[in-house]
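For reference, the structure discussed in these notes is given below.
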Amino acid sequence: MRDFIKMHGLGNDFVIVDRRHGAQALGLEERRLMANRRWGIGCDQLLVLETPELEGADVFMRIFNPDGSEAEACGNGTRCVAALVMDEMGRDAIGVETVAGLLLANRAQDGLVTIDMGPAGLDWQTIPLAREMDTAALELDVAGYTTPVAVNMGNPHVIFVVDDADAVPLETVGPQIENDPLFPERTNVEFISKKADGGLRMRVWERSAGITQACGSGACASLVAAVRRGLIDGRRAPITLDGGDLILEWRESDGHVLMTGPVSMAFHGVWQS
């Protein structure tokens, strides 16, 4: 039996399991079953809390996709875990260690949580790509969608700038792009368009998860792509995802991307495998 917490950030939902006090590790089949929406609890990602090792970290967060594979980054999940641990510790700022490094989190106004997602990776080897090319305009054409921007936010993203993100057949082109040979580790896929109010509209196909309501690291990558393409004025903008809005800033001083948004508690439960 395992205690768990179900949370979400803009509908991007997570099952959180706490192993900081010595609980047994989750095997591959158990991870898959817990994430399954028909046979298990159901989630976009499974988040496992462990004892941190890095200086400045208050918790280690391990991230698993629905297929049981391990992921490097999860922005919305980090906000959820940060809110939990800040409440637990009675603090307004903490450090969350991940396999991609240390992420700093703090409380913002109106119950929101801000995560410093670190610097955006723009080099082709960092993404990673299968061969060298300009990451601001990849030599890629999938079903007529061309020249996307590639960004690494602890995990790989490819962002297409289109006139209307809502018109994209994401369920068809998403898996084609995710598994294109250009991306040796596969990739997350975003389509963005500029809104009349100056903000951005984004839809996402997540690697190993499919279409989700929101993706925090994808929103970070999308803002970076929008700035690189001159789609917005400045380096800060709201981004509207299927599940709601996030506020993003690509800080010029150090290249870090800041993401601010809400978190919600769904329920506590006990998993009996």
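Which of the residues spanning the stretch 34-59 are outside any loop (DSSP other than H, G, I, E, B) and in contact (Cβ under 8 Å) with a residue 60 or more places away in the chain?
MET34, GLN45
Matching residues to (1) within 19 Å of GLU70 (Cα to Cα); (2) open to solvent by less than 10 Å² (accessible area, probe 1.4 Å); (3) small (Gly, Ala, Ser):
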position	(1), (2), (3)
ASN179	yes, no, no
LEU182	no, yes, no
VAL189	yes, yes, no
SER208	yes, no, yes
GLY218	yes, yes, yes
LEU241	no, yes, no
TRP250	no, no, no
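Looking at ARG20, ARG62, ARG31 in this structure, which one is open to solvent by 10 Å² or more (accessible area, probe 1.4 Å), free of Cβ contacts under 8 Å to residues at least 60 places away in the same chain, in contact with a strand residue (DSSP E or B) (Cβ under 8 Å, 6 or more places away or on another chain) and assigned to a helix (DSSP H, G or I)?
It is ARG31.
Residues to consider are ALA237, ALA266, ALA214, ALA226; find the one that is among the hydrophobic types (A, V, I, L, M, F, W, C) and in a helix (DSSP H, G or I). Spell out how you get there, then give the answer.
Working: ALA237 fails: in a helix (DSSP H, G or I); ALA266 fails: in a helix (DSSP H, G or I); ALA214 fails: in a helix (DSSP H, G or I).
It is ALA226.
Quick check: anything in the stretch 124-142 open to solvent by less than 50 Å² (accessible area, probe 1.4 Å), of a type in the set (A, V, I, L, M), in contact with a His (Cβ under 8 Å, 6 or more places away or on another chain) and assigned to a strand (DSSP E or B)?
No, the stretch 124-142 contains no residue that is open to solvent by less than 50 Å² (accessible area, probe 1.4 Å), of a type in the set (A, V, I, L, M), in contact with a His (Cβ under 8 Å, 6 or more places away or on another chain) and assigned to a strand (DSSP E or B).
Can you confirm whether ASP166 is under 15 Å from the mean Cα position of the chain (by Cα) and of a type in the set (D, E, K, R)?
Numbers: under 15 Å from the mean Cα position of the chain (by Cα): no; of a type in the set (D, E, K, R): yes.
When the stated conditions are applied, ASP166 does not pass them.
Looking at the stretch 145-177 only, could you name the residues that are part of a loop (DSSP other than H, G, I, E, B), within 20 Å of ARG201 (Cα to Cα) and open to solvent by less than 70 Å² (accessible area, probe 1.4 Å)? Show your work before the answer.
Here is the first cut: in the stretch 145-177, the residues part of a loop (DSSP other than H, G, I, E, B) are 147-148, 153-155, 162-164, 168-169.
Next, from what is left, pick out any that are within 20 Å of ARG201 (Cα to Cα): 147-148, 153, 162-164, 168-169.
Those that are part of a loop (DSSP other than H, G, I, E, B), within 20 Å of ARG201 (Cα to Cα) and open to solvent by less than 70 Å² (accessible area, probe 1.4 Å): THR147, PRO148, MET153, VAL162, VAL168, PRO169.
Looking at this structure, is LEU84 surrounded by fewer than 18 Cβ atoms within 10 Å (Cβ to Cβ) and out of contact with any Asp or Glu (no Cβ under 8 Å at 6 or more places or on another chain)?
Working: surrounded by fewer than 18 Cβ atoms within 10 Å (Cβ to Cβ): no; out of contact with any Asp or Glu (no Cβ under 8 Å at 6 or more places or on another chain): yes.
Judged against the criteria, LEU84 is not a match.
The values are calculated or read from the model by the stated rules, or taken from the named source; none is laboratory data. Owing to the predicted nature of the structure, the values given are computational and were not obtained by experimental measurement. Cβ coordinates were reconstructed from backbone atoms using ideal geometry, including for glycine residues, and neighbour counts include every protein chain displayed. Surface areas here come from the heavy atoms of the whole protein model, side chains and all, with no ligands, DNA or RNA. Shrake-Rupley method; radii C 1.70, N 1.55, O 1.52, S 1.80 Å.
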